[in-house]
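Undergrad: Pasting a structure below so you can have a look.
Nothing in this text is a laboratory measurement; each read-out follows from the coordinates by a stated rule. Quick caveat, the model's predicted, so the values are computed rather than measured. FYI the Cβ positions are ideal-geometry reconstructions off the backbone, even for glycines, and counts take in every protein chain you see.
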């Protein structure tokens, strides 16, 4: 018997519409014409150079996903069963699985409920002499407290990997997210602020030659092919772990168009988000608005709000969807997941995450929204009996 998936309802105001630069079609056509569709083609190199300039990274790897970017970082750091990796519990599962695949033990950390991001105070109690990596997830276009986290990590010689999947285009104290740790991972999935359909990137922010060599070998599928390309060797050989992680040329062509349109994209999102935030504040609704701190210039991936209870959050989502407006909740904390229970990760309570995650409602912000759409959303919020 064939089971047909239930179609998702069409909303007058969708939760997300990808930004589409007018140059996308031209660049894809040019890529098809030059015919180099595997990695390292002209648009691939162009996007990589653009990202290196934007992030200040010494090396940028264009990947097929943000998950792949974090997997490269995990392999390059040579993690194993003796190592622990601290991960905020409120994040996408790839923030853990990328490191778990090395055999490392995942330790979940609680969040600050005012940001939904890693809490530096709770981080300290999870540190041990086995801690090798702290994964920092930047949420919703806002930034984690990198200054405090960096102090903790530097004191113990712990590496930081930034999961900046939702943070591309955001800066903290004028520094791009993804540039604070040894590695910064970005997503260019269709659901993100900048999209090429499916893709990602890894910013490598280190001068450690051994680490840089490992990244190169991993990206070359575990070989020393880079030495052949430079003329040092005639034949490449298998040297270590690796995989086929890189982005193709067609995705890179789309990405180039979107990177070059980044400032227009961000300006439009900011205009919509600020109008929405101002309107919500004026309505005096029983909602807590989670806004970026003063050091953060956000990409406004979406506007997150917290209802007073899980049932109120459910009521709000149902009400808005009835009004033709799509909105979403988000992650179940990872330490509550079946996988975490099976593996014995963190049997303790992480109260902030447990008491906030199901109160979260994400309101839409995207470049296809008009001021009239913002007015419609605000009117629907005002009609909600919270």
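Undergrad: Over all directions, how big on average is the projection of the convex hull of the alpha-carbon atoms in region 207-267, in square nanometres?
TA: The number I arrive at for region 207-267 is 6.2 nm².
Undergrad: Starting from 0.36 nm per residue, how many nanometres of slack lie between residue 236 and residue 30 once their C-alpha separation is accounted for?
TA: Full extension from residue 236 to residue 30 adds 71.0 nm.
Undergrad: So for each of 116-123, 346-353 I average, over its residues, the number of other beta carbons within 10 Å; can you give me the resulting order with the highest mean first?
TA: 116-123, 346-353
Undergrad: Could you pull the Cα extents of region 307-351 along its three principal axes, largest to smallest, in whole Å?
TA: 43, 19, 9
Undergrad: Return one number: the angle in degrees, 0 to 90 and rounded to the nearest 10, between the long axis of the Cα atoms of helix 310-322 and the longest principal axis of the Cα atoms of the chain.
TA: Compared with the principal axis, the helix lies near 80 degrees.
Undergrad: While we're on this one: What is the calculated FRET efficiency for residue 82 to residue 155, with r their C-beta to C-beta distance and R₀ = 25 Å, to the nearest 0.05?
TA: 0.75
Undergrad: Now, a different point. Against the longest principal axis of the chain, how steep is helix 249-260, in degrees 0 to 90 to the nearest 10, with axes from Cα atoms?
TA: It works out to around 60 degrees.
Undergrad: Could you give the length gained by full extension between residue 171 and residue 10, i.e. 0.36 nm per residue of separation minus their alpha carbon distance, to one decimal place?
TA: 54.6 nm
Undergrad: Provide the descending list of Cα extents for region 91-144 along its principal axes, expressed in whole angstroms.
TA: 32, 23, 12
Undergrad: Let me ask you something else. Describe numerically, in nm with one decimal, the distance between label points set 7 Å from Cα along Cα→Cβ at residue 40 and at residue 53.
TA: 2.3 nm
Undergrad: Counting other C-beta atoms within 10 Å, which of 264, 358, 110 has the fewest, and how do the rest follow?
TA: So the ranking, lowest neighbour count to highest, is 264, 358, 110.
Undergrad: Throw me the Rg/Rh for region 25-144, computed over C-alpha atoms with Kirkwood Rh, two decimals.
TA: Taking Rg over the Kirkwood Rh, I get 1.08.
Undergrad: Continuing with this model, one more query. If each Cα of the chain is one equal point scatterer, what is log10 of I(q)/I(0) from the Debye formula at q = 0.08 Å⁻¹?
TA: -0.43
Undergrad: Still on this structure, please answer the following. How long are the semi-axes of the ellipsoid equivalent to region 118-230, from square roots of 5 times the Cα gyration tensor eigenvalues, in whole Å, largest first?
TA: Whole-Å semi-axes of the equivalent ellipsoid: 25, 21, 11.
Undergrad: I'd like to compare 96-102, 40-46: which one has the highest average count of other Cβ atoms within 10 Å, and what's the full order after that?
TA: Final packing ranking: 96-102, 40-46.
Undergrad: Right, something else. Going by Cα centres, region 28-55 and region 307-369 are how many Å apart?
TA: 37 Å
Undergrad: Let me ask something else. Taking 0.36 nm per residue of separation and subtracting the Cα-Cα distance, what length does fully extending residue 243 through residue 125 add?
TA: 39.0 nm
Undergrad: Something else: Can you list, bin by bin at 5 Å, the percent of alpha carbon pairs in region 263-383, starting at 0?
TA: 2, 10, 18, 20, 17, 13, 9, 6, 4, 1
Undergrad: For the chain, what is the calculated [θ] at 222 nm in deg cm²/dmol (nearest 500), taking -39500 (n - 2.57) for each run of four or more DSSP H residues and dividing by its residue count?
TA: It comes out at -11500 deg cm²/dmol, rounded to the nearest 500.
Undergrad: Can you sort 302, 225, 183 so the residue with the fewest Cβ neighbours within 10 Å comes first?
TA: Fewest-to-most Cβ neighbours within 10 Å comes out as 225, 302, 183.
Undergrad: Just from the alpha-carbon atoms, what are the Rg and Dmax of region 274-342 in angstroms?
TA: 14.9, 46
Undergrad: In which sequence would 255, 32 go, from the one with the fewest C-beta neighbours within 10 Å to the one with the most?
TA: Ascending Cβ contact count within 10 Å gives the list 32, 255.
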